[in-house]
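Worksheet: one structure, shown below.
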Amino acid sequence: MRIWYQLLAPTHRHAEFIASVQELCNRAAAPGTTVEVYGTDPGAHADNYRFFEYYDTLVVLKNALRVRKEGGYDAFVLGNSLDPGLVGLRELLDIPVLSVMEASCHTACTMGEKFGIVVPNEKFMPR
């Protein structure tokens, strides 16, 4: 199994973070499963400014088009709490598209009546 794991961390600014996530995935993956972790270029700060989410969404959807063209992947995982491009990803790809935020919220809902999300700034609160 081969999985594309999409972070929204700028490759040129957060190379160590991307490498750390790659190492975690390597250790957690079942035998025979390859997880390939990708950052974004240019990489925006969509959690601070809603406008920049569009840049991130464009990068994510371009990567999905690459996955669709090249093939060879069994799943596309979106590892960002804003879920940029999630609906478009599911329209473009004929492989499972998973969202870390969706899965986390679903799991949280099964664990109790209420749950909260810690956000990085006030602009994130309405989302």
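The values are calculated or read from the model by the stated rules, or taken from the named source; none is laboratory data. This one's a predicted model, so the numbers in the text were calculated from it and none came from an experiment. Note that we place each Cβ from the backbone using ideal geometry, even for glycine, and neighbour counts take in every protein chain shown. Areas reflect the complete protein model, heavy atoms only, side chains present, ligands, DNA and RNA absent. Shrake-Rupley method; radii C 1.70, N 1.55, O 1.52, S 1.80 Å.
What to note about this one:
- Nearest-0.05 FRET efficiency for Val100 and Asn121, computed from C-beta distance (R0 25 Å): 0.80
- Residue-span extension gain [Arg66 to Phe17] - 0.36 nm each, minus C-alpha spacing: 15.3 nm
- The distance linking segment 21-41 with segment 59-78 is 15 Å (Cα centroid to Cα centroid, whole angstrom).
- Proximal aspartates and glutamates relative to Lys123, as straight alpha-carbon distance under 13 Å, when same-chain residues fewer than 8 apart are discounted: Asp47, Glu53
- Debye log10 I(q)/I(0) at q = 0.10, 0.14, 0.21 Å⁻¹ for the chain, Cα point scatterers: -0.33, -0.66, -1.37
- Choice from Val100, Val87, Val21 showing the highest fluctuation, given a GNM over the chain with Cα pairs closer than 10 Å: Val87
- Accessible solvent surface per residue of segment 7-127, calculated while the other protein chains remain in place, 1.4 angstrom probe, Å²: 65 Å²
- Where labels lie 7 Å past Cα in the beta-carbon direction, separation of Ala28 and Glu113 in nm: 3.1 nm
- Among Glu23, Glu53, Glu70: highest mean-square fluctuation, GNM of the chain, C-alpha pairs under 10 Å: Glu70
- Largest GNM mean-square fluctuation across Gly112, Gly88, Gly79, computed for the chain with C-alpha springs under 10 Å, falls on Gly112.
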